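Here is the structure we will look at, set down as structure tokens.
The values are calculated or read from the model by the stated rules, or taken from the named source; none is laboratory data. This is a predicted model, so every value here is computed, not measured. Because the Cβ atoms are built from the backbone with ideal geometry, glycine has one as well, and the counts that use them run over all protein chains shown. All accessible areas refer to the heavy atoms of the entire protein, side chains included, with ligands and DNA or RNA removed. Shrake-Rupley method; radii C 1.70, N 1.55, O 1.52, S 1.80 Å.
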Amino acid sequence: MKVCDPVSLILRKKGGSVWSVPSDMTVYDAMRMMADKEVGALLVVDDGQLHGIVSERDYARKVILMGRSSKETPVSEILTEPLITIAPDCSVDEAMRLITTHRIRHLPVVREGKLEGLISIGDLVQWIAFAQDQTIEDLSHYIEGKYPC
């Protein structure tokens, strides 16, 4: 595991299942689905087309703080767009840079217009932590003379 690895390796490890909702679903039902699936965001997809993402942050800022009703507001009115996406060959390091620069928590992985998965900041941090552990272990073995020739 390395920070230069492509994000496709993260998807292979975690699986490509992605939860999505249609844009006409109510925010209340989307929040219920997030709670049921134990996720913080859902992609918004209509007729196979990716339109945006809706998150707990969108709910807090665009429904609660605006005094709107989650049972009457459709997801289309609060989703985040335009959506920043990455290709499967994007490096873990570049994906982390995008998440940090744009202050987002999720990146859809898209190849030739087809959704392949979704990675979160947690997925990236976990990958980087494992990569650092592996590097430390490799260096320790090298210093101890246990590194294969």
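Label the range 69-111 by shape, choosing from rounded, prolate and oblate, from the square roots a ≥ b ≥ c of the eigenvalues of the Cα gyration tensor; if a/c is under 1.5 it is rounded, and otherwise prolate applies when a/b is larger than b/c, oblate when it is not. Verdict is prolate for the range 69-111.
Can you tell me the accessible area per residue over the range 75-132, all protein chains present, probe 1.4 angstrom, in square angstrom?
Values: 3200 Å² over 58 residues.
Heavy-atom accessible area per residue stands at 55 Å².
Classify the range 42-93 as rounded, prolate or oblate, taking a ≥ b ≥ c as the square roots of the eigenvalues of its Cα gyration tensor: rounded when a/c is under 1.5, otherwise prolate if a/b is larger than b/c and oblate if not. Don't skip to the end; give the middle numbers.
Working: a/c = 3.82, a/b = 1.87, b/c = 2.04.
Here the range 42-93 falls in the oblate category.
Dipole check for the range 100-149: with +1 at the C-beta of Lys and Arg, -1 at the C-beta of Asp and Glu, and the Cα centre as origin, the magnitude is about 320 Debye. Shape call for the range 3-111 from the C-alpha gyration tensor, a ≥ b ≥ c root eigenvalues: rounded (a/c under 1.5), prolate (a/b greater than b/c) or oblate? Prolate shape, in that a/c is at least 1.5 and a/b is the bigger ratio.
First measure r as the distance between the Cβ atoms of ALA35 and SER91, then evaluate 1/(1 + (r/R0)^6) with R0 = 41 Å and state the FRET efficiency to the nearest 0.05. Write down the numbers at each step before the final one.
On the way: r = 33 Å, r/R0 = 0.80.
E(calc), rounded to 0.05, equals 0.80.
To put it simply, the accessible area of the chain at a 1.4 Å probe is 51 percent carbon and sulfur. Once backbone amide H atoms are built at 1.01 Å from N, ILE53 has VAL44, THR80 as its partners under 5 Å, excluding neighbours fewer than 5 places away on the same chain. A straight Cα-to-Cα reach below 19 Å connects LYS37 with the aspartates and glutamates ASP29, GLU56, ASP58, GLU116, ASP123, residues fewer than 8 places away in its own chain not being considered.
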